[in-house]
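First comes the structure, then the notes that go with it.
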Amino acid sequence: MSEITNYLSPCSLDDAVRALADGDVTVLCGGTDLMPQMEAGQREYASTLMNIRRIEGLAEITLTGDTCRIGALTTVSEILTSQLLDEVAPVLVAAADQFASDQLRNAASIGGNICNASPAGDMIIPLLLLNAVVELASWQDGAIQTRLISLHEFFKAPGKTVRQNNELFAAVLFDKPPPGFVAHFCKPGPRPALEIATVSIGIGGVLEDGVFSDVRAAMGAVAPTPIRARRVETTLEGLPLNADNIRAASVSAGEDATPIDDVRASSWYRDHLVRVLTKEVLNDVLENTN
Amino acid sequence: MNKKTIATHIEKTTLIGQRVRKPDAADKSTGKTRYINDLVLPQMLYGKILHAGRPHAQIVSIDTTAAEQLPGVHGVLTGKDVAGLKFGFVRDNVALKETVRCEHDEVAAVAAETEEIASQALGLIKVEYKDLPGVFSPEDGRREDAPLIRGDFPGNKSLHFAFEHGDLTAAEAESDIIVDNVFKVHHVTHCCMGTSCAIADFDNNGKLTIYSQTQYPYNYKMDLAPALGMHPGDIRVIQPPVGGAFGSKLDVYPYEPIAALLAKKTGRPVKVLYTREEEFKSAPTRQPAVIHMRTGCKKDGTLTFRSADVLLDNGAYTSWGPTIPVVMMRTVSGHYRVPVIAYNAQAIYTNNPYAGSFRGYGNVQTTFATAQQIDMLAEQLDMDPIEFRLMNAQKPGERTPQQAFLRECALDKCLTTAADATDFVTRQKEYGLLRNSDSRYKKGIGIASSIHNAGGAKIHKSDGCGTMLKVDDYARATLITGASEIGQGIDTVISLIVAEELGIPVEHVTLMNNDSDLAPWDVGVHASRTTFIAGEGARRAAVKARQQILNAASTFAEISADELDLRDGFVVRDKEGSIVIKLEKLLRQMHFQPEPELVMVTDYYEPNSEPEGADHISNMSAAYSHAVHIAEITVDTWTGEIKVDKITSAQDVGRVISRAGLEGQTEGGIAIGLGYALTEDMQLEDGMLKNPCFRDYKVITAPEMPELDLHFIEDGCAEGPYGAKGAAELPTIVIAPAIANAFYNATGVRILSTPLSPEKVVRALILAQQADVSSSDSMATAAVS
Ligand SMILES: Cc1cc2nc3c(=O)[nH]c(=O)nc-3n(C[C@H](O)[C@H](O)[C@H](O)COP(=O)(O)OP(=O)(O)OC[C@H]3O[C@@H](n4cnc5c(N)ncnc54)[C@H](O)[C@@H]3O)c2cc1C
């Protein structure tokens, strides 16, 4: 067992990133991923445990110009009830509605969901559709430095991201999608609550005069990281959203996905699901723009 | 202040069938209840168990030196400390092992000052294993070249049961239709909210007090004793409130003797409490089985025979689970009027987790087969499905081939009640016609029924329950019963019955039933028997106390006892309801008189049934009952998800005693049955559990509960309190086949294995499509396992 010798609960971003710079820190936010992983012996605590939930200014959802910014500490419940997000990015709110249960949503943060880098992370799929970028903060040369990195480049492997140990995930940002943008998210499972995605899928785009453009597709739990489904996007881009193209997109979805067998499903079933759910999501897009 | 006016007349009312609050409801819902898991005794140590984590191996060496030297550790035990202390149904188990036969096998145990130290000590124990080839299914286990799991059980054969009645060859010959299928039912576990826990404490006279979650305290002593080399009489069992049992606490499991052995070794109380992961891996399971069943009937719809060849996965040790074929047999021979029976069941040792008893006890497994075959026959006969069932339904006074006497039998009423409430026949036809449409969502309706013992089950020589009752000077009653409360609600039932007879408020009855040194004998909470037997015992004791009180009142008031009644804390004249004397005043008068008298009575109620013998021909229960479930479902043919829209249940309960309790039992039973049918699945790979957590082992949660329409058929019962029958298990038993039948109705595809998981459903639908099943009445038997 690893031993925690130091517990920190900074109130400012400044203090938090300074502590990170000193090294050997485990970041604790809602703890809904961290605690079970520790209990299961999949991870070990560093000597310092830093609770970041008291950091001021990191739990806000704001719109500045066309850019929406969601602070790392924002909980899934806050996303679910945000008027602003409901207007700007309803697909994120829809995904929050399918996230775990009330108790979990109250604790789970968006930063934790992204940093945990699960291929099944539910907040990640809609954010990929929104072309989101991640803001990482660190302490360098006596000041806070930030860097931005696109969300789809953020993930390396299950549980692994490009975030350096001295960096704190500060926020996720995205530009307001173009007018007419519609997106849908879908996550099947026999339980409406408390279901880790077997697969999840989100597709969005602008549907104008029957033609689908600016197509963005993302899928969860079908590859080592959440992915953009590029073949689906190319298959649909600039074409009418009709039954034939939806069928073609469903085939592309199968090509984009490289699922594995695990306790939740076989790769065969995951492959089947991404195909049928691509149809479902695109049908939803169609229905909601008519 | 106004002077309180006291009525001079009190009307006769009854509590039977009323909604009464469960006595522990307020404490449980506010978190005040102190469960066994919360209990801490002075000087208590924490015990932790080292599990093998491999399915089959020889222990080559084990070194506990470092663990013993860790500060805070008070005792370490291994297999050599328990040599010869065998226990279990066939004495094939020991608390700590020298050979590993399943993943959770207990290899060593530590008692330490804290849980953390105990866990750390486990990490310091060095074990060298030599892994052995394993057996992971009963089919593999019975092969000639299968690895032998235990030298003393050749062919890996555990228990065997058989029953034959009538001439099978002749019955087959006279059958016009025979359905023949292999059904496969899987591993699930109880998932009690409170994980397994025991606290053991020895006094210096060598007497053991064990705080236990057991649901059968008296036989428990007998089963625990050999694991400790003790006399059962030197064991006292205390049962603090528990977080569920459902059959899982109907045996002794190794953690219990381990707690006691550690307590003995250290001279201090020791608590062993499982983590949730340990619970998933080590708790008993429902018995998986492969059931080859055949049922025949004539053109006119008369059933001719049923045969069942059952192969059971015993797991590595024999708990009570492998005795479930005794109950399975009763379903095979008693589910509808089947004149000829051939039944054969063999349990095979495997290196899987071992099965224990679980609500429904074998009947869940067999009903999955019988109720689907009845459905298949109805379809192949092209008969009205309800008519077909009604014509084969037993009637009051009939006996089954095993001589179960169906003195009262309401199967026909259950069938018609449920069918009428859902407009079953019309809907089934409608949905059947729509099944080949190309819509994504398909609706289906399915019916299933079963029979279960409802008046105890005489698997021992006695199936009785002892009761003691005292009524004190304040007109408060204390009832001491052998029957345990494990959340099922016997506390409500008994308080209600005592209050009914003594004419006092339910809240004025206290139940004491958690100390084996205090309460008299009972066989345990199982077999849907407690309301029937302990309830009847309580009623008989209360009637005796009532008579004693009325006799005293008669002397006091010089009115014949027959003309008196007890109501609302008063003695009244029966006819007029006019008050004679306040009950507590009378009780004090009885006490403080020249020939003082206290109200203290006892009773031992033995139900009118016969012991289950070796030939399995006996009326082993004092009553039987039936239930019918109708499931309405929507199948998402794309994802394979089955959404259960509504369950309609009609169950013969004899008479409702505690209405809210009965509803709760029925709803809870349905939830367990739904999990079995749809989502719960212990995923075992070579004997190792892959999903030991609630994230991946999916129990039904509140949002998935369908709409429920519950009908209780109250035709009474000659035995049983006020005509009540046992009712707890049937709701779990009938649900899975009702869903499987509804699935067939929706899609034309049969799934013959549990659970009907989304992936399995999709595979079955695709398979059936490939087989190009076009006509709606042809039967695609896609048995996907
Ligand atoms: C029962 C249950 C159900 C669940 N259901 C779902 C579900 O439906 N969908 C879903 O997507 N997830 C689900 N999860 C997973 C989990 O709840 C989410 O991933 C959640 O968003 C994690 O957030 P958290 O604040 O709890 O993160 P934590 O557990 O506190 O942290 C997660 C990881 O991220 C790191 N971290 C957190 N914040 C930062 C930061 N600002 N900067 C750098 N590193 C950081 C931590 O060090 C840790 O490694 C479930 C979990 C449980 C236990």
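An ellipsoid equivalent to chain A, defined through the eigenvalues of its Cα gyration tensor, has semi-axes of 34, 21, 16 Å when rounded to whole angstrom and sorted largest first.
Computed extension length for B:Val182-B:Thr30: 49.9 nm, one decimal, from 0.36 nm per residue of separation with the Cα-Cα distance subtracted. Computed extension length for B:Asp382-B:Ala421: 11.8 nm, one decimal, from 0.36 nm per residue of separation with the Cα-Cα distance subtracted.
Helical runs (DSSP H, four residues minimum) scored at -39500 (n - 2.57) apiece and divided by the length of chain B put the mean residue ellipticity at 222 nm at -8500 deg cm²/dmol.
Shape descriptor for segment A:61-175: Rg over Rh equals 0.96 (Cα atoms; Rh from the Kirkwood inverse mean 1/r). Other residues within the sphere of radius under 12 Å centred on the Cβ of A:Ser252, judged by their own Cβ, net out at +1 (K and R +1, D and E -1). On a per residue basis, the convex hull of the C-alpha atoms belonging to segment B:108-204 measures out at 298 Å³.
Most tightly packed first, judged by the mean number of other beta-carbon atoms within 10 Å of their residues, the peptides A:230-238, B:465-473, B:237-245 read B:465-473, B:237-245, A:230-238. The 3J(HN,Hα) values that the Karplus relation (6.51, -1.76, 1.60; θ = phi - 60°) gives for segment B:700-705 are, in residue order, 5, 10, 3, x, 7, 5 Hz. Gly and Pro appear as x.
For A:Lys156, project a label point 7 Å along Cα to C-beta. Then give me every residue of segment A:229-266 with its amide nitrogen under 13 Å of that point. In segment A:229-266, the label zone of A:Lys156 (backbone N under 13 Å from the point 7 Å along Cα→Cβ) covers no residue. When both segment B:145-217 and segment B:545-599 are represented by their alpha-carbon centers, they are found 52 Å apart.
Long hydrophobic helices in chain B, taken as whole DSSP H segments with a C-alpha length of 27 Å or more on their own axis and mean Kyte-Doolittle hydropathy at least -1.0: B:530-557.
Taking every alpha-carbon pair under 8 Å whose residues sit at least 6 apart, chain A reaches a relative contact order of 15 percent. Label-to-label distance for A:Gln140 and A:Ala21 is 1.2 nm, based on points extended 7 Å past Cα in the beta-carbon direction. Extending 7 Å from the Cα toward the beta-carbon at both A:Ser101 and A:Glu56 defines two label points whose distance is 3.6 nm. Here the contact order of chain B, divided by its residue count and restricted to Cα pairs under 8 Å and six or more residues apart, works out to 15 percent. Rounded to the nearest whole Hz, the Karplus-based 3J(HN,Hα) values (6.51 cos²θ - 1.76 cosθ + 1.60, θ = phi - 60°) of segment B:341-355 follow the sequence 10, 9, 10, 8, 9, 10, 9, 10, 5, 9, 9, 8, x, 9, 7, with x at glycine and proline. Backbone geometry of segment B:72-88 corresponds, through the Karplus equation with coefficients 6.51, -1.76 and 1.60 at θ = phi - 60°, to 3J(HN,Hα) couplings of x, 8, 10, x, 10, 10, 9, x, 5, 6, 10, 3, x, 8, 7, 9, x Hz, x marking Gly and Pro. Taking every alpha carbon pair in segment A:181-287, what does the distance histogram look like in 5 angstrom bins from 0, in percent? Taking all Cα pairs of segment A:181-287, the binned fractions are 2, 14, 26, 25, 16, 10, 5, 1, 0 percent. Taking the Kirkwood radius as Rh and the Cα radius of gyration as Rg, the protein assembly as shown has a ratio of Rg/Rh equal to 1.00. For B:Leu159, the residues whose amide H sits under 5 Å from its own are B:Ala347, ignoring neighbours fewer than 5 places away on the same chain, with H placed 1.01 Å from N. Can you give me the C-alpha center-to-center distance between segment B:246-264 and segment B:402-437, rounded to a whole angstrom? That distance is 44 Å. Distant-in-sequence amide contacts of A:Ala171, defined by a placed amide H-H separation under 5 Å and a gap of 5 or more residues or a different chain, comprise A:Ala72, A:Glu135. The H on the amide N of A:Glu195, modeled in the peptide plane, is under 5 Å from the matching H of A:Ala100, each at least 5 residues off or on a different chain. Using 25 Å as the Cα-Cα cut-off, could you pick out the over-long pairs in B:Lys299/B:Lys646; B:Lys22/B:Lys725; A:Lys187/B:Lys643? B:Lys299/B:Lys646, as the Cα separations exceed 25 Å there. For B:Met600 and B:His160, what does the FRET efficiency come to when R0 = 35 Å and r is the distance between their Cβ atoms, rounded to the nearest 0.05? Result of the calculation: an efficiency of 0.10. Under the criterion of Cα pairs below 8 Å and six or more residues apart, the relative contact order for segment A:98-166 equals 28 percent. Per the Debye formula on identical point scatterers at the alpha carbon atoms of segment A:1-52, with no solvent, log10 I(q)/I(0) at q = 0.12, 0.15, 0.22, 0.31 Å⁻¹ is -0.25, -0.39, -0.79, -1.24. Per-peptide packing, taken as the mean over residues of other Cβ atoms within 10 Å, places A:103-109, B:7-13 in the sequence A:103-109, B:7-13 from highest down. When the alpha carbon gyration tensor of chain B is reduced to an equivalent ellipsoid, the three semi-axes, largest first, read 43, 39, 23 Å. Subtracting the Cα-Cα distance of B:Glu667 and B:Asp38 from their residue separation scaled by 0.36 nm leaves 223.7 nm.
Rounded to the nearest 0.05, what FRET efficiency is calculated for B:Asp152 and B:Ser61 with R0 set to 25 Å and r the Cβ-Cβ distance? That gives a FRET efficiency of 0.55.
A Förster radius of 45 Å combined with the Cβ-Cβ distance from A:Asn165 to B:Lys126 puts the calculated FRET efficiency at roughly 0.85. Residues B:Lys643, B:Lys97, ranked from the fewest to the most other C-beta atoms within 10 Å, line up as B:Lys643, B:Lys97.
Any read-out appearing in this document is the output of simple, stated calculations on the displayed coordinates, not a laboratory observation. Worth saying up front: this structure is predicted, and the values here are computed from it rather than measured. With ideal geometry, Cβ positions are generated from the backbone for all residues, glycine too; neighbour counts draw on all protein chains shown.
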